[in-house]
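Okay, so here's the structure we're looking at.
The values are calculated or read from the model by the stated rules, or taken from the named source; none is laboratory data. Just so we're clear, the structure is a prediction, and the values are computed from it rather than from any experiment. Methodologically, a virtual Cβ is constructed for each residue, glycine included, from the backbone with ideal geometry; neighbour enumeration extends over all protein chains shown. Keep in mind that these areas ignore ligands, DNA and RNA; they rest on the heavy atoms of the full protein, side chains included. Shrake-Rupley method; radii C 1.70, N 1.55, O 1.52, S 1.80 Å.
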Amino acid sequence: MTKLKVSLAGCDYDRTRAIFDGRVRIKGCTVIPVAMSPEEAFHRAFRFQEFDITELSLSNYMNVTAKGIGHYAAIPVFPSRLFRHSSIYIRADRGIERPQDLAGKTIGVPEYQMTAAVWVRGILQDEYGLKPSMMRWRNGGLEQAGRKQKVTLELPADVDLKAIPSTETLSRHLDEGKIDALISALAPSCFGRNPVVRRLFPDYRAAEEDYYKRTGIFPIMHVVGIRKSLLAAHPWLAVNTYNAFLEAKQICYTNLEKIGHLFTTLPWPVAELEHARALMGQDFWSYGVERNAKELETITRYAFEQGLNARRLEATDLFVPSTLDLAKV
């Protein structure tokens, strides 16, 4: 029987690596894996739809889904999750001692609608009463000039968002004091070199663990999308792909649990795994809609409240229906 040949793009994380290296197969498929950074996968997927199955920015995916113009349909696999208190960088010479001090300040962000920024703005509003309209926003390339938004935005009139000059970068603006703070998934190159550039939450792990204890939220950054035209011809592909990602994640857990020989280049990975499970549960990196209802409800609310999506999305809008109703034994 001839198998369906599909391309797969994204990062070969430890939790997805078994698919990229062939230990786990998507049933019925021959997979052509193309490992790359998430940033490259997003650009090539949203601009050119190059891949059949690809890692996608959750916020950008929600934006095009709300507009009804997306080329991909997602399955509830979340290859990237990250607490984002670590992603807020400040100038220590601007009187910013606590989150509330960001009011009235100018904040850089590579893309206003990027998922990390959506989460940070939502947390700033929910936890500290800071609405996006209370700050000025500047977007542009973090380290390379000329970066542009991947989707078209129609923001509320009270949001001050302007692009920095196309020949300049946000890292340089923060370094030189042209902006007061920066929200970035990647640390800017001036961090660690310029002593006045610091994190808003120096002990971000403590802040993030406290956030989880209070909210039960482990923020979702990325999803896995499948080309809609491929699903129309092969509807079985969605669940088969979902199951493959589940199997690959289980292999990752199994490897992390082994203490006789370590699979990660860290001295105490098993202790870290035990700590994470004590705080967040056995399957803390869960897939599926039901297990992640709180995270999905929160991020869809944030995107709507921040004016990124004209309508409030539901899980049924975001994910292939067959992945919401799986067979049970």
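Restricted to segment 252-288, and to residues there that are open to solvent by 90 Å² or more (accessible area, probe 1.4 Å) and of a type in the set (V, I, T), the residue that is nearest to D14 (Cα to Cα) is T265. The residue that is least open to solvent (accessible area, probe 1.4 Å), counting only those in segment 54-104 that are acidic (D, E) and touching a residue at least 24 places away in the same chain (Cβ under 8 Å), is E55.
Of all the numbered requirements in (1) more than 28 Å from H43 (Cα to Cα); (2) of a type in the set (D, E, K, R); (3) open to solvent by less than 50 Å² (accessible area, probe 1.4 Å), K249 misses one, and that requirement is (1). Pairs linking a residue in segment 249-276 that is without any contact (Cβ under 8 Å) to a residue 12 or more places away in the chain to a residue that is open to solvent by 40 Å² or more (accessible area, probe 1.4 Å), with Cβ atoms under 6 Å and 6 or more positions apart or on different chains, do not occur. When each of V270, V289 is tested for being hydrophobic (A, V, I, L, M, F, W, C), under 15 Å from V77 (Cα atoms) and at pLDDT 95 or above, the lone residue that passes is V289.
Can you tell me which residue is most open to solvent (accessible area, probe 1.4 Å) among those in segment 106-133 that are hydroxyl-bearing (S, T, Y) and under 15 Å from K162 (Cα atoms)? Residue satisfying both the conditions and the ranking: S133.
Screening L296 with (1) over 14 Å from F218 (Cα atoms); (2) touching a strand residue (DSSP E or B) at 6+ places or on another chain (Cβ under 9 Å) gives one miss only, at (1). Within segment 293-329, the set of residues being over 21 Å from L230 (Cβ atoms), touching a helix residue (DSSP H, G or I) at 6+ places or on another chain (Cβ under 9 Å), in contact (Cβ under 8 Å) with a residue 24 or more places away in the chain and in a helix (DSSP H, G or I) comprises K294, L296, T298, I299, T300, R301, Y302, A303, E305, A315.
All conditions but one from (1) at positive phi; (2) open to solvent by 80 Å² or more (accessible area, probe 1.4 Å); (3) not hydrophobic (A, V, I, L, M, F, W, C) apply to G177; the one that does not is (2).
On the basis of being open to solvent by 50 Å² or more (accessible area, probe 1.4 Å) and either among the hydrophobic types (A, V, I, L, M, F, W, C) or within 26 Å of D52 (Cβ to Cβ) (or both), does K228 make the cut?
Values: open to solvent by 50 Å² or more (accessible area, probe 1.4 Å): yes; either among the hydrophobic types (A, V, I, L, M, F, W, C) or within 26 Å of D52 (Cβ to Cβ) (or both): yes.
Spelling it out, K228 is indeed open to solvent by 50 Å² or more (accessible area, probe 1.4 Å) and either among the hydrophobic types (A, V, I, L, M, F, W, C) or within 26 Å of D52 (Cβ to Cβ) (or both).
When residues in segment 292-322 are screened for being more than 20 Å from the chain's Cα centre (by Cα) and either among the aliphatic types (A, V, I, L, M) or farther than 22 Å from V151 by Cβ (or both), 3 of them pass. Kindly indicate whether W137 is in contact (Cβ under 8 Å) with a residue 40 or more places away in the chain and under 23 Å from the mean Cα position of the chain (by Cα). So W137 does not fit the description; no. Tell me which residues, restricted to segment 188-237, are part of a strand (DSSP E or B) and under 25 Å from S59 (Cα atoms). Result: R199, I220, H222, V223, V224, G225, I226, R227.
Filtering segment 1-44 to residues that are over 18 Å from the mean Cα position of the chain (by Cα), open to solvent by less than 60 Å² (accessible area, probe 1.4 Å) and touching a residue at least 60 places away in the same chain (Cβ under 8 Å) leaves L4, V6, A18, I19, V24, I26, G28, C29. Report yes if G104 is part of a loop (DSSP other than H, G, I, E, B) and within 30 Å of C190 (Cβ to Cβ), otherwise no. The answer is yes for G104. The set of residues in segment 180-197 that are β-branched (V, I, T) and open to solvent by 20 Å² or more (accessible area, probe 1.4 Å) contains only V196. Condition check for R172 on (1) in a helix (DSSP H, G or I); (2) among the charged types (D, E, K, R); (3) within 28 Å of R301 (Cβ to Cβ): one failure, at (3).
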